[in-house]
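S.K.: Once you've had a glance at the structure underneath, I'll fire off some questions.
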Amino acid sequence: MRYAIYFTPRQDEPLARLAANWLGRDPFGAATRPVEAVADLSAAEVAFHTASARRYGFHATLKAPFRLAANETEASLRAALDAFAEATPTVTIPRLIVSQIDGFFALVTEGPLPSLNRFADDVVLGFDRFRAPLTEAEIERRSPDSLKPAEFRNLCQWGYPYVFETFRFHMTLSGRAGPQESQRLRAAIDSLFAEVLQQPVLVDALTLFVETEPGAPFMVLSHHALGRRTARKTA
């Protein structure tokens with residue numbers, strides 16, 4: 001079993017609903033849903049391009065998937081999330097835009113946002129005690145030879161290459177696409193998300209996801225509102 005600490009909008013927010021329809025799965029529930037044709041892409045093409053992102057659900061990674069440390073429990077993790085959330089203010093993202101990163105499409109911030117980076121840094125630091133050290137096999141699955149030196153150091157120290165100086169907020173919408181596929185895929189994503197991306201996005205909660213067994217879809221376990229005392233169990 002692995003846990004992950006992500007940001008995802010509330011289930012009823014327009015961005016969350018749109019992303020769930022695009023990916024073919026809502027991480028707040030167990031069932032997948034049929035994807036639909038979008039712009040010039042058939043339903044089968046949308047399903048193909050979203051397959052890798054579908055398992056994880058719509059999210060931005062803050063603390064990447066981890067096995068629990070031997071001296072921690074799910075209850076202690078959730079209690080720490082409650083305490084962290086109570087003491088942490090919300091962050092507003094003025095605008096998200098569509099971008100292609102290393103071949104895959106994602107929503108990213110339109111420009112630098114230091115407050116969001118500090119928030120992500122605090123999550124990495126604040127919850128690292130809950131993470132069991134990576135095994136050699138887990139390190140190898142990250143293709144360490146392809147990582148830059150700073151990314152490899154982060155992987156060894158923090159369990160994930162893309163934290164602190166290498167962090168980039170992103171909400172994945174597709175798998176990797178080659179040059180011939182990218183133009184049509186980008187056009188479909190732009191047409192679907194253009195209107196909702198005119199609105200700012202409020203990072204107002206931490207969401208605990210769980211992978212119950214290797215390869216299982218990641219599901220929302222609990223949603224922890226920032227600046228409040230309570231956490232709502234959602235799955």
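S.K.: Out of 222, 174, 182, I need the residue that is over 30 Å from residue 75 (Cβ atoms), in contact (Cβ under 8 Å) with a residue 40 or more places away in the chain and surrounded by 19 or more Cβ atoms within 10 Å (Cβ to Cβ). Which one? Please lay out each step first, then the result.
M.R.: Values: 222 fails: over 30 Å from residue 75 (Cβ atoms); 182 fails: surrounded by 19 or more Cβ atoms within 10 Å (Cβ to Cβ).
Answer to the selection: 174.
S.K.: Shifting gears a bit: What do you reckon, is residue 192 buried (at least 19 other Cβ atoms within 10 Å of the Cβ), assigned to a helix (DSSP H, G or I) and touching an Asp or Glu at 6+ places or on another chain (Cβ under 9 Å)? Steps first, please.
M.R.: Values: buried (at least 19 other Cβ atoms within 10 Å of the Cβ): yes; assigned to a helix (DSSP H, G or I): yes; touching an Asp or Glu at 6+ places or on another chain (Cβ under 9 Å): no.
For residue 192, the condition - buried (at least 19 other Cβ atoms within 10 Å of the Cβ), assigned to a helix (DSSP H, G or I) and touching an Asp or Glu at 6+ places or on another chain (Cβ under 9 Å) - is not met.
S.K.: Separate question: Exactly one of (1) under 15 Å from the mean Cα position of the chain (by Cα); (2) within 28 Å of residue 177 (Cα to Cα) is unmet by residue 46. Its number?
M.R.: The one condition residue 46 does not meet is (1).
S.K.: If you scan the range 200-224, which residues turn out to be polar (S, T, N, Q) and modelled with pLDDT of 95 or more? Give the steps one after another, and end with the answer.
M.R.: Filtering the range 200-224 for residues polar (S, T, N, Q) gives 207, 212, 222.
Within the range 200-224, 207, 222 meet the criteria.
S.K.: Follow-up. Regarding residue 115, is this residue at positive phi and among the hydroxyl-bearing types (Ser, Thr, Tyr)?
M.R.: Values: at positive phi: no; among the hydroxyl-bearing types (Ser, Thr, Tyr): yes.
In short, no.
S.K.: Same structure, new question: Scan the range 24-39 residue by residue and report those that are open to solvent by 50 Å² or more (accessible area, probe 1.4 Å), closer than 23 Å to residue 8 by Cβ, hydrophobic (A, V, I, L, M, F, W, C) and without any contact (Cβ under 8 Å) to a residue 60 or more places away in the chain.
M.R.: Within the range 24-39, the first condition is being open to solvent by 50 Å² or more (accessible area, probe 1.4 Å), and the residues that meet it are 30-34, 36-37, 39.
Now drop any that are not closer than 23 Å to residue 8 by Cβ, which leaves 30-34, 36.
The next check asks that each one be hydrophobic (A, V, I, L, M, F, W, C); those that pass are 30-31.
Passing the criteria: only 31.
S.K.: I would also like to ask the following. Restricting to the range 120-167, what's the tally of residues that are touching a residue at least 24 places away in the same chain (Cβ under 8 Å) and of a type in the set (D, E, K, R)?
M.R.: Number satisfying all stated conditions: 5.
S.K.: Taking only the range 156-166 into account, find how many residues are over 26 Å from residue 97 (Cα atoms), open to solvent by 60 Å² or more (accessible area, probe 1.4 Å) and part of a loop (DSSP other than H, G, I, E, B). Break it down stepwise before answering.
M.R.: Restricting attention to the range 156-166, the residues satisfying the condition of being over 26 Å from residue 97 (Cα atoms) are 156-159.
Filter once more, keeping what is open to solvent by 60 Å² or more (accessible area, probe 1.4 Å): 156-157.
Going one step further and asking which of them are part of a loop (DSSP other than H, G, I, E, B), we end up with none.
Here the count works out to 0.
S.K.: Right, next: I want to confirm something. Restricting to the range 225-235 and keeping residues that are over 24 Å from residue 24 (Cβ atoms) and at pLDDT below 90, which single residue is surrounded by the most Cβ atoms within 10 Å (Cβ to Cβ)? First the steps, then the outcome.
M.R.: The initial filter retains those residues of the range 225-235 that are over 24 Å from residue 24 (Cβ atoms), namely 225-233.
In the following step, the residues that additionally are at pLDDT below 90 were identified as 227-233.
Numbers: 227: 12, 228: 13, 229: 9, 230: 9, 231: 21, 232: 11, 233: 10.
That would be 231.
S.K.: Quick check on the range 128-155: of everything there that is charged (D, E, K, R) and assigned to a loop (DSSP other than H, G, I, E, B), which residue is modelled with the lowest pLDDT?
M.R.: Residues of the range 128-155 that are charged (D, E, K, R), as a first pass: 128-129, 131, 136, 138, 140-142, 145, 148, 151, 153.
Checking which are assigned to a loop (DSSP other than H, G, I, E, B) leaves us with 142, 148.
Values: 142: 89, 148: 94.
Step by step, filter the range 128-155, then rank; the result is 142.
S.K.: Looking at the range 40-127, what strands (runs of 3 or more DSSP E) fall wholly within it and have at least 1 residues that are out of contact with any Leu (no Cβ under 9 Å at 6 or more places or on another chain) and either open to solvent by less than 50 Å² (accessible area, probe 1.4 Å) or within 30 Å of residue 192 (Cβ to Cβ) (or both)?
M.R.: Hits in the range 40-127: 60-66, 96-101.
S.K.: Where the second residue is β-branched (Val, Ile, Thr) and not in a loop (DSSP other than H, G, I, E, B) and the first is touching a residue at least 24 places away in the same chain (Cβ under 8 Å) and more than 20 Å from residue 122 (Cβ to Cβ) and lies in the range 56-71, which pairs have Cβ atoms under 9 Å and are six or more apart or on separate chains?
M.R.: Between residues of the range 56-71 that are touching a residue at least 24 places away in the same chain (Cβ under 8 Å) and more than 20 Å from residue 122 (Cβ to Cβ) and residues that are β-branched (Val, Ile, Thr) and not in a loop (DSSP other than H, G, I, E, B), the close pairs are 56/172; 57/220; 58/172.
S.K.: Can you find, within the range 199-215, the residue that is surrounded by the fewest Cβ atoms within 10 Å (Cβ to Cβ) among those that are touching a Ser or Thr at 6+ places or on another chain (Cβ under 9 Å) and assigned to a loop (DSSP other than H, G, I, E, B)?
M.R.: Selected residue: 200.
The values are calculated or read from the model by the stated rules, or taken from the named source; none is laboratory data. This is a predicted model, so every value here is computed, not measured. Every residue, glycine as well, gets a Cβ built from its backbone with ideal geometry; the counts of neighbours run over all protein chains shown. Only protein heavy atoms, including side chains, enter the accessible area calculation; ligands, DNA and RNA are left aside. Shrake-Rupley method; radii C 1.70, N 1.55, O 1.52, S 1.80 Å.
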